[in-house]
1. Taking the options THR180, THR263, name whichever one is surrounded by fewer than 20 Cβ atoms within 10 Å (Cβ to Cβ), in contact with a helix residue (DSSP H, G or I) (Cβ under 7 Å, 6 or more places away or on another chain), more than 21 Å from ASP149 (Cβ to Cβ) and modelled with pLDDT of 90 or more.
2. Does region 65-91 hold any residues that are part of a helix (DSSP H, G or I), among the hydroxyl-bearing types (Ser, Thr, Tyr) and touching a helix residue (DSSP H, G or I) at 6+ places or on another chain (Cβ under 9 Å), and which are they?
3. Taking region 98-146, which residues are of a type in the set (Gly, Ala, Ser) and more than 12 Å from the chain's Cα centre (by Cα)?
4. Of all residues in region 22-60, which are of a type in the set (Val, Ile, Thr) and farther than 18 Å from LEU185 by Cβ?
5. Scanning for something more than 24 Å from VAL158 (Cβ to Cβ) and either under 15 Å from the mean Cα position of the chain (by Cα) or hydrophobic (A, V, I, L, M, F, W, C) (or both), does region 44-55 turn up at least one residue?
6. Among the numbered criteria (1) in a loop (DSSP other than H, G, I, E, B); (2) under 14 Å from the mean Cα position of the chain (by Cα); (3) at pLDDT 95 or above, which one does GLY213 miss?
7. Within region 142-160, identify whether any single residue is free of Cβ contacts under 8 Å to residues at least 12 places away in the same chain and farther than 12 Å from ILE249 by Cβ, and answer yes or no.
8. Working carefully through the options VAL99, VAL41, VAL37, VAL74, find the one that is within 29 Å of GLY162 (Cβ to Cβ) and modelled with pLDDT of 95 or more.
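The values are calculated or read from the model by the stated rules, or taken from the named source; none is laboratory data. All values derive from a computational prediction rather than experimental measurement. Cβ placement follows ideal geometry from the backbone for every residue including glycine, while neighbour counts extend to all protein chains displayed.
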Amino acid sequence: MKKLLYSALIIMSLASCSKDSSPEDKCTGKTGGGGLVNLLVSPSDDIAMGQATVNSIDSNKTEYPILDSTQYNVAYGHINRITKNILNSGEVYYKDKFVWRVRIIKRDDILNAFCTPGGFIYVYTGLIKYLDNETQLAGVLGHEIAHADRRHSANQMVKQYGISTLLSIISGGNQSQLATLSAQLLLLKYSREDETEADKFSVRYLKPTEYDGRGAKYFFEKLIATGQSGGTPAFLSTHPDPGDRVANITQTWECLGSKVGLTFDTRYAQFKTSLP
């Protein structure tokens, strides 16, 4: 019975993928990523996994000192505006189903950002201060949003646990198991394919906005120019090489129409001065 159900799900997934593709789909792949995960794991399950990770982060204030959104309301106004611009592009498949909440971590020594399943986004002050303009940050945020929107973490957790065990952990409320799951999500390294796909969708998300779709490309170029590519966080540097990612982003941008957007340097400088 399980084999028959699994075969039926595969057929349904393949049938869905066979629908006519848009010009954008030909550049990036179809929206609604996740493959069989879309049929096996609900968006609320992604949110539950993300919330378990949030609870783990909130309980470790030394490692994750979160800036208070009331005290630093100007800084949060900037980053929430950038995030909403991406989410309102019309290209984020789970825009209305995931949480999409942003928090800033006060760690100037870390060039990093990440997004949990379900859309809980975290950005380090080190990354914000390192970047030169709003479009560069939008490119990185688009990349992270894509990991959640394409359900890359959920896919990996299904592969690791199996669908029945994973759903049992999520629905069972066992705090020890949830803590283990959240720890694994925080340490998760994406595959080469996932990173490449997230880069492509970052360009796609930014295309309808005022931003230049190559935002993430400019970040990688700066890393290479300053000799920091070897020390980049695993979520950015491990798969594939930053130079390859520059080429991949450029190719996707050209495929999508090569629209040159704005960078908002002055507005971004105001954002940086609003940080401690």
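1. Criteria check complete, one pass: THR263.
2. Result: THR83, single match.
3. Scanning region 98-146 gives a single hit, GLY126.
4. THR28, THR31
5. no
6. All conditions pass for GLY213, except number (2).
7. Yes - at least one qualifying residue is present in region 142-160.
8. From the options VAL99, VAL41, VAL37, VAL74, the qualifying one is VAL99.
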